[in-house]
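**Q** One structure follows; several queries about it will come next.
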Amino acid sequence: MELTHFQDAVASALLGQGPSAEVPWLAALEAQPGFAVYRNTALKGCIDALQANYPTVCQLVGPEWFRASALVYVRAHPPHDGLLVNYGAGFSAFLRDFEPAAGLPYLPPVAALDRSWTECHLAADAPALDRSWLARQDAATLALLRLKPHPAARWAWCEEHPAYGLWQCHRDGLEIPDSLACSGDGGLLTRPGAVVTWQPLARSGAVFLDACAGGLLLEAAASCAMAAEPATDFAALVGALLDAGALAEALPFHPTLESP
């Protein structure tokens, strides 16, 4: 038996997934009294990691509900490696289809923001553009640049629920205000230094960052943002993104290389 097959079989058994009755040596292993201890330890480690990676979700639903749902997730989506700080990438999608969460439609977008925090925290370092860079640009060529989001920048817009407002209140330890709008909102997470920071983001900002991530020229990305919210002060929007460290590089347009 190859080592990888042995390891996969044991891992599946630890999570209660393997058909151990059809594999005599695995059934014998599971029959050992100590195996239950290892199984409980493995499951608990994954659930603990998921709870640490989704603290806002846990606060909203309570530890008991969260850990029960996490057990279902862990058994269906075991970790692929030992880096549990990055575990649970699909938890938001899981919650969208998880029947007990059907009455909590804001939970998946809040989970997505928790995941954005993890990704922002673990992302690669890179220099960020700032306002001084913008001041040095020639106005005639600025529109023909491609602005790239910073590797650590994460942004989200939820059309139906104030997901960012809920997430931010829990993250900052604030009471949820009665005035919290029932409409959608958005948030931007960046890591200008060693610490993840967050701030509200208008729909036009999310659309603009999506367009930049898609490789559009600045002029085209600006048009997308203005189409989403015509009243947007675009100069103020770009300045706020630069101040937050959300943009990392500007690539020039080469018409001779990019023409059909």
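The values are calculated or read from the model by the stated rules, or taken from the named source; none is laboratory data. Everything numeric in this text was worked out from a predicted model, so none of it was measured. Here the Cβ positions follow ideal geometry from the backbone for every residue, glycine too, while neighbour counts run over all protein chains shown.
Yes or no, residue by residue, for (1) at pLDDT 95 or above; (2) farther than 23 Å from Asp210 by Cα; (3) in contact with a helix residue (DSSP H, G or I) (Cβ under 7 Å, 6 or more places away or on another chain):
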| position | (1), (2), (3) |
| --- | --- |
| Pro162 | no, no, no |
| Trp167 | yes, no, yes |
| Arg171 | no, yes, yes |
| Pro177 | no, yes, no |
| Cys182 | no, yes, no |
| Leu189 | yes, no, yes |
| Val196 | yes, no, yes |
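**Q** Inside the range 126-143, can you point out the residues that are under 20 Å from Arg191 (Cα atoms) and among the polar types (S, T, N, Q)?
**A** Ser132
**Q** Trp133 passes all but one of (1) surrounded by fewer than 20 Cβ atoms within 10 Å (Cβ to Cβ); (2) without any contact (Cβ under 8 Å) to a residue 60 or more places away in the chain; (3) hydrophobic (A, V, I, L, M, F, W, C); (4) part of a helix (DSSP H, G or I); which number fails?
**A** (2)
**Q** So Cys120 clears everything in (1) touching a residue at least 40 places away in the same chain (Cβ under 8 Å); (2) in a loop (DSSP other than H, G, I, E, B) except one condition, right? Which one?
**A** Single failed check for Cys120: (2).
**Q** Regarding the range 167-180, can at least one residue be identified that is under 22 Å from the mean Cα position of the chain (by Cα) and either under 26 Å from Leu134 (Cβ atoms) or of a type in the set (Ser, Thr, Tyr) (or both)?
**A** no
**Q** Is it the case, given these coordinates, that Arg67 is at pLDDT 95 or above, surrounded by 14 or more Cβ atoms within 10 Å (Cβ to Cβ) and basic (Lys, Arg)?
**A** yes
**Q** Still on this structure, I have one more. Of Val61, Val72, which residue is β-branched (Val, Ile, Thr) and surrounded by 13 or more Cβ atoms within 10 Å (Cβ to Cβ)?
**A** Val61
**Q** If you take the residues in the range 44-100 that are closer than 16 Å to Arg115 by Cα and of a type in the set (S, T, N, Q), which one is farthest from the chain's Cα centre (by Cα)?
**A** Gln59
**Q** Follow-up question, since we're still on this one. Taking helices (runs of 4 or more DSSP H) that fall entirely within the range 40-109, which contain at least 2 residues that are farther than 26 Å from Asp185 by Cα?
**A** Answer list for the range 40-109: 63-76.
**Q** Within the range 185-216, how many residues turn out to be among the basic types (Lys, Arg) and without any contact (Cβ under 8 Å) to a residue 60 or more places away in the chain?
**A** The first filter runs over the range 185-216 and keeps only residues among the basic types (Lys, Arg), leaving 191, 203.
If we keep only those that are without any contact (Cβ under 8 Å) to a residue 60 or more places away in the chain too, we end up with 203.
Residues meeting the conditions: 1.
**Q** Kindly list, by first and then second residue, each pair from a residue in the range 221-232 that is under 10 Å from Asp210 (Cβ atoms) to a residue that is among the charged types (D, E, K, R) and buried (at least 16 other Cβ atoms within 10 Å of the Cβ), limited to pairs with Cβ atoms under 8 Å and residues at least 6 apart or on different chains.
**A** Cys224/Asp210; Ala228/Arg203
**Q** Assess whether Ala250 counts as being of a type in the set (Gly, Ala, Ser), touching a helix residue (DSSP H, G or I) at 6+ places or on another chain (Cβ under 9 Å) and modelled with pLDDT under 95.
**A** yes
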